[in-house]
Ligand SMILES: C[S@@+](CC[C@H](N)C(=O)[O-])C[C@H]1O[C@@H](n2cnc3c(N)ncnc32)[C@H](O)[C@@H]1O
Ligand code: SF4
């Protein structure tokens with residue numbers, strides 16, 4: 001293996017501060033991430049002049065990974081085909097409300113599970129919403145070698161492939177070895193898939209039990225050799241849904257999080273630009289990964305999708321049968337709602353600013369009409385005191401997010417995503433066999 005250039009990342013955060021951050025995030029998540037007791041028919045109409053992203057959820061996988069926190073069901077072809085038809089109808093309803101979109105993110109599950117349905121859905125979306133300039137999809141290492149996969153070329157701008165690790169022990173631990181192949185097989189298949197789309201992203205996970213620093217270093221070195229346009233390195237998130245299946249078996253205790261993150265930043269940072277706390281791109285503008293970062297407002301279609309519109313979070317029904325009935329009745333999937341006050345919205349945007357290392361006073365002034373340092377006085381003071389941010393001497397509107405700040409952004413975003421998963425868990429809990 002070639003020796004990789006390394007950059008130097010200093011002290012990140014001590015473990016007691018990571019634990020404290022988790023506790024603070026836990027407090028806010030409990031306070032904010034729950035739904036109002038209303039059942040809606042559809043989302044509100046768009047606001048003139050606002051830009052929206054369309055999110056579409058495909059909740060099917062041929063195999064269910066025990067650590068996975070996403071909304072997904074075991075694949076049955078007839079259910080999945082029926083679902084895609086409903087998804088396209090839901091897009092028609094959204095069009096009738098007056099929406100257009102600047103981009104589309106299709107998330108899963110495994111979005112390429114029936115390529116012909118996915119193709120029809122993308123073509124339908126592009127016809128309904130002529131503003132769509134980019135389409136992003138997610139898939140797994142088995143799907144990329146199906147004969148129909150190549151048909152997505154020219155339609156998809158960014159394809160994200162879930163690898164998680166090239167280490168066979170980790171693939172066996174997560175039961176992906178038998179389902180998706182060995183690390184060497186996956187690596188070989190990726191080489192063929194990389195050139196099909198303008199951007200290919202590889203998803204990796206760190207924080208598995210038994211994943212030593214050497215194993216992680218090897219994963220990062222292999223990625224540098226493979227040289228995909230984009231890489232995402234998620235910390236393993238353990239939530240109320242996956243706690244039983246992974247705690248003490250698949251998940252590490254978290255005490256090495258900072259050391260692991262240092263390896264990732266040192267290795268990938270020397271060859272890639274860091275786009276968010278966990279995304280690295282070969283050039284600065286690599287399409288998109290966390291659609292929530294680049295889009296203040298997004299609308300979700302499909303079962304279990306989230307939307308963020310104005311000051312409200314909306315959640316679509318998690319039941320497949322209920323989703324089908326709602327579409328049949330002319331309603332969209334949007335069913336539940338949570339309104340946020342101004343301060344909560346500003347705190348959320350500060351979190352995203354830290355996470356994306358793009359924190360701008362101008363953005364807060366022009367989009368939210370506030371002075372960042374006054375409106376979030378306590379938060380900004382704390383971030384400066386621990387060395388997560390500092391003023392940019394060359395541009396007073398710019399706030400520099402330090403390596404410590406990027407790591408804090410990762411810890412906070414991990415907690416935030418886990419909190420979102422608690423919302424999913426609560427809404428999935430009442431589901432019966434007939435809902436799936
Ligand atoms: C929704 S999945 C779709 C990818 C595809 N189905 C696969 O597994 O290859 C997107 C990514 O989420 C990440 N992911 C899923 N569960 C996670 C968890 N508990 N913690 C961190 N990342 C997770 C994985 O990296 C996965 O590739
Ligand atoms: S990690 Fe991917 S394949 Fe596994 S259950 Fe989650 S979405 Fe499905």
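This ranking places 41, 157 by how few other beta-carbon atoms lie within 10 Å of each, fewest first, which gives 41, 157. Taking only the Cα atoms of segment 124-267, the radius of gyration and Dmax are 16.5, 49 Å.
Can you classify segment 36-293 as rounded, prolate or oblate using the Cα gyration tensor, where a ≥ b ≥ c are the square roots of its eigenvalues, rounded means a/c under 1.5, and otherwise it's prolate if a/b beats b/c and oblate if not? Since a/c reaches 1.5 and a/b is larger than b/c, the shape of segment 36-293 is classed as prolate. Scoring 226-235, 207-216, 162-171 by mean Cβ neighbours within 10 Å over their residues and listing the highest first yields 162-171, 226-235, 207-216. What is the percent of Cα-Cα separations in segment 295-431 that go past 17 Å? Percent of Cα pairs beyond 17 Å in segment 295-431: 65. In percent, rounded to a whole number, the relative contact order of the chain is 21, using alpha-carbon pairs under 8 Å and six or more apart.
Rounded to the nearest 5, the antiparallel percentage of DSSP beta bridges internal to the chain is 40%.
Using every pair of separate Cα atoms, the Kirkwood estimate puts the hydrodynamic radius of segment 324-372 at 13.3 angstrom.
Per residue, the convex hull spanned by the alpha carbons of the chain comes to 140 Å³.
Measuring r between the beta carbons of residue 249 and residue 394 and using R0 = 51 Å, the FRET efficiency lands at 0.55.
The order of 179, 406, going from fewest to most other C-beta atoms within 10 Å of their C-beta, is 179, 406.
Rounded, prolate or oblate: which fits segment 44-138, taking a ≥ b ≥ c as square roots of the Cα gyration tensor eigenvalues, rounded meaning a/c under 1.5, else prolate when a/b beats b/c? Here segment 44-138 falls in the prolate category. The protection proxy used here, the mean number of other Cβ atoms lying within 10 Å of each residue, ranks peptides 85-94, 369-378, 252-261, 101-110 as follows, highest first: 101-110, 85-94, 252-261, 369-378. Sorting 186, 132, 345 from the fewest to the most surrounding beta carbons within 10 angstrom yields 345, 132, 186.
Protection proxy ranking of 326-334, 55-63, 243-251, by the mean of other Cβ atoms within 10 Å over each peptide's residues and highest first, is 55-63, 326-334, 243-251.
Only helices enter the 222 nm calculation for the chain: every DSSP H run of n ≥ 4 contributes -39,500 (n - 2.57), and dividing by all residues gives -12500 deg cm²/dmol, rounded to 500.
Remark: relative contact order (segment 36-293) = 16 percent; criterion is Cα-Cα distance under 8 angstrom and separation of 6 or more residues.
If I take every Cα pair under 8 Å that is 6 or more residues apart in segment 308-379, average their sequence separation and divide by the length, what percent do I get for the relative contact order?
Relative contact order, segment 308-379: 26 percent.
Just so you know, all these numbers are worked out from the coordinates, no wet-lab data involved. Being a predicted model, the structure only gives us computed values, none of them experimental. Virtual Cβ from ideal backbone geometry, glycine too; neighbours counted across all protein chains shown.
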